1. Just one of (1) loosely packed, with under 13 Cβ neighbours inside 10 Å; (2) in contact with a helix residue (DSSP H, G or I) (Cβ under 9 Å, 6 or more places away or on another chain); (3) over 17 Å from ALA14 (Cα atoms); (4) at pLDDT below 95 trips up ASP52, so point out which.
2. From (1) modelled with pLDDT under 95; (2) under 20 Å from LYS84 (Cβ atoms); (3) under 13 Å from the mean Cα position of the chain (by Cα), pick out the condition that doesn't hold for ILE19.
3. Suppose we filter SER4, SER26 for residues that are surrounded by 15 or more Cβ atoms within 10 Å (Cβ to Cβ), in contact (Cβ under 8 Å) with a residue 40 or more places away in the chain and out of contact with any Ser or Thr (no Cβ under 9 Å at 6 or more places or on another chain); which single one remains?
Amino acid sequence: MKYSQRVLDMLNQAVSGQIDNFWDFSFKFNALFGEDEEFAEAWDNENPEMFDALNDVELMMFLEEHDPSDKQGFINFLTPYYEKAKQLVKLSA
């Protein structure tokens, strides 16, 4: 679960308000779905349900287009994804 846990940790930091500007978060999070090919492949093999659930067009568009300084907007938008990811990590454990 090391790949799924890393993604879950990133989402946890985001929804708990530990990130002040989401520019770097968005860039790093998007990279996990393909730019970092080794990570993406390993994560997809480890937990394909979580990978597919978060590899969502609406999520990717939000990360690319939303104002990175809108902390509360990111928290509100990412919270349902975080909750779903937590469930999928538990199911795969």
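1. The failed condition is (4).
2. Of everything listed in (1) modelled with pLDDT under 95; (2) under 20 Å from LYS84 (Cβ atoms); (3) under 13 Å from the mean Cα position of the chain (by Cα), ILE19 misses just condition (3).
3. SER26
The values are calculated or read from the model by the stated rules, or taken from the named source; none is laboratory data. This is a predicted model, so every value here is computed, not measured. Methodologically, a virtual Cβ is constructed for each residue, glycine included, from the backbone with ideal geometry; neighbour enumeration extends over all protein chains shown.
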